[in-house]
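Engineer: I have a structure I would like to understand better, so I am pasting it below and will then ask my questions one at a time.
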Amino acid sequence: MSADDNSEQHDDETTPDVEATDGVEIDKATDGFDGGNSTVAPGRRVSVIATLVIPLVLVLGLLAAGGLAAWLYFTQYRPDEQTDAAVAQSAVDAARDGTVALLSYKPDTLNQDFAAAKSHLIGDFLNYYDTFTKQVVTPAAQEKAVTTTAQVVGAAAYELHPDSAVVLIFVNQVTTSKERPDPAMASSSVRVSLTKVHGAWLIDKFDPV
């Protein structure tokens, strides 16, 4: 065998078979994609994510702003709205009217007078007043013909909240009786505490100061 024959035989043994690629083309359209599996290019995918995230951020921002506005309304605006000058005046008027009713009565109209006074009261103080007038005031007023009339000469809101208030009352009280027919006047100041029930201010404490 000649050297040329040996060379050709070696080439035949070491050269791998290569299939013809005639008619086969590489699809360039998938070049640069995510492993050839994704249908969205990285740049396009970032754009899509940004498009979704930005509106979500805006929505969350609007919700947060709405929550803050609601918190401010219920903790700041509404209490202020419910404790303005008109509300303060209504509490003062209720304390004034209640004080006059509590401290004014006549022996001939005790039941009516006490019933009118109790319409201004609430809670433990209502129970106390009912017991006190029945056991103490009524017997003394009937026996001694006590008549007392109260007049509020000054009143001002001391504390004011949406559902509670404290009003300072300055009152003159004129009293007559069978034993002392000449009017006797006494001046005093009272700390009147009120609670709002169904839109009405009612007295729950009545403390001389």
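Engineer: Within the range 81-103, does at least one residue satisfy the condition of being within 20 Å of G199 (Cα to Cα) and not in a helix (DSSP H, G or I)?
Structural biologist: Taking every residue of the range 81-103 in turn, at least one turns out to be within 20 Å of G199 (Cα to Cα) and not in a helix (DSSP H, G or I).
Engineer: While we're on this one: Go through Y158, Y129 for me and flag whichever is surrounded by fewer than 18 Cβ atoms within 10 Å (Cβ to Cβ), closer than 28 Å to Q89 by Cα and hydroxyl-bearing (S, T, Y). Working first, answer last.
Structural biologist: Numbers: Y129 fails: surrounded by fewer than 18 Cβ atoms within 10 Å (Cβ to Cβ).
Exactly one of Y158, Y129 is surrounded by fewer than 18 Cβ atoms within 10 Å (Cβ to Cβ), closer than 28 Å to Q89 by Cα and hydroxyl-bearing (S, T, Y), namely Y158.
Engineer: Only one residue in A150, A141, A155 is touching a residue at least 12 places away in the same chain (Cβ under 8 Å), small (G, A, S) and assigned to a helix (DSSP H, G or I). Which one? Spell out how you get there, then give the answer.
Structural biologist: Working: A150 fails: assigned to a helix (DSSP H, G or I); A155 fails: assigned to a helix (DSSP H, G or I).
Just one listed residue meets the conditions, A141.
Engineer: Let me ask something else. Against the definition (surrounded by fewer than 17 Cβ atoms within 10 Å (Cβ to Cβ), touching a Lys or Arg at 6+ places or on another chain (Cβ under 9 Å) and among the basic types (K, R)), how does K144 come out, yes or no?
Structural biologist: Yes; evaluated as a whole, the condition is true for this residue.
Engineer: How many residues are among the charged types (D, E, K, R), within 20 Å of T176 (Cβ to Cβ) and surrounded by fewer than 17 Cβ atoms within 10 Å (Cβ to Cβ) if we restrict to the range 101-126?
Structural biologist: Within the range 101-126, residues that are among the charged types (D, E, K, R), within 20 Å of T176 (Cβ to Cβ) and surrounded by fewer than 17 Cβ atoms within 10 Å (Cβ to Cβ) number 2.
Here, each number is a calculation from the coordinates, and none is a lab measurement. Since this is a predicted model, take the numbers as computed values, not measurements. A quick note on method: Cβ atoms are made from the backbone with ideal geometry, for glycine too, and the neighbour counts reach across all protein chains shown.
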